[in-house]
Amino acid sequence: MNPRLNILYRGPLESCNYDCAYCPFAKTKDSRAELNYDTKCLNRFVDWVERQNRDIGILFTPWGEGLIRKHYQAAMLRLSHFPNVRKVAIQTNLSCRLNWLQEANQDSLALWTTFHPTETTIRKFVRKCERLIELGINFSVGIVGTQENFNYASELRHLLPPEIYVWINAYKREADYYSPEDIVFLNSIDPLFDLNNQVYQSLGKACFAGESSLSIDGEGNVTRCHFIKKRIGNIYESELNDILRTENCSTVHCRCYIGYFNLKELNLKATYGDQILERIPKLSK
């Protein structure tokens, strides 16, 4: 079998059932035709994955909320049972029903969940997390690290079992946003907060993106990562070995976890192991 590969898939789906103020896709509605097209793209991608003679990890990073859609649930279940898929994970607000996960391969399906305080209550969200634990599904829990969310972050950490990793997405839109006391507090909740609370100088740095990690859109177009828009191939037109290549980063800064987790100098494989896609460090298990 060929070397391991991580794929970040983002299809045309843009619709979301939440109305978060900071998100451009809040309360966006896809038409029936757009949802049908997204389904077609997703199913074609799943069929392609099944044919690969390669160990593959997949993280779905939809602009909208995928798991309220039956075709995303079906894709996750199907992929979880492929022998060549070591991991399939998705970023989700966890607003969907969860009984469908009873059919999942618990060893390979995982969730990257985010709590949005303006859209649901913390008690409802935690009950969903408790159900995931009952179902044997691995997951992480996160929240945006704005100051108005500090109390929610603290409550999440208090209500969830200690083995569930709670991460804080650092708010980087304002310089010097956090006081030293804020940073101590946030590190008490997320021991990896300092890792996220910086903008990495990435230009010219060695990176796994393009070498063993790719971003793929609904048409099968490939870029090295979500933050480098140069197309390097298409999975439906070329073999993977003709697309993959080692190349240093071409962007000045790397700000987001799904970008910097590929920076070789950070060696985040040592921190997250085989749970890097669902954002669960080894220390939480």
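Considering (1) at pLDDT 95 or above; (2) open to solvent by 30 Å² or more (accessible area, probe 1.4 Å); (3) outside any strand (DSSP E or B), the lone condition that residue 55 does not fulfil carries the number (3). Filtered by the rule that a residue be open to solvent by less than 60 Å² (accessible area, probe 1.4 Å) and modelled with pLDDT of 95 or more, segment 172-189 gives 177, 178, 179, 182, 183, 186, 187, 189.
I'd like to check something: does segment 67-84 contain any residue that is more than 16 Å from residue 167 (Cα to Cα), open to solvent by less than 40 Å² (accessible area, probe 1.4 Å), among the β-branched types (Val, Ile, Thr) and at pLDDT 95 or above? No: zero hits. Selection of first residues in segment 261-285 that are part of a strand (DSSP E or B) and of second residues that are open to solvent by less than 20 Å² (accessible area, probe 1.4 Å), restricted to Cβ pairs under 7 Å at least 6 apart or on distinct chains, gives the following pairs, ordered by first then second residue: 263/200; 263/202; 263/207; 263/254. Among the residues making up segment 86-125, those that are part of a helix (DSSP H, G or I) and open to solvent by less than 10 Å² (accessible area, probe 1.4 Å) are 101, 125.
Just so you know, in segment 224-263 the residues that are within 22 Å of the chain's Cα centre (by Cα), charged (D, E, K, R) and open to solvent by 30 Å² or more (accessible area, probe 1.4 Å) include one that is nearest to residue 52 (Cα to Cα), and it is 231. For segment 190-207, the criterion of being of a type in the set (Ser, Thr, Tyr), open to solvent by less than 70 Å² (accessible area, probe 1.4 Å) and at pLDDT 95 or above is met by at least one residue.
The values are calculated or read from the model by the stated rules, or taken from the named source; none is laboratory data. From a predicted model like this one, the values you see are computed outputs, not experimental measurements. Note that we place each Cβ from the backbone using ideal geometry, even for glycine, and neighbour counts take in every protein chain shown. Side chains are part of the model used for accessible areas, which takes the heavy atoms of the whole protein and leaves out ligands, DNA and RNA. Shrake-Rupley method; radii C 1.70, N 1.55, O 1.52, S 1.80 Å.
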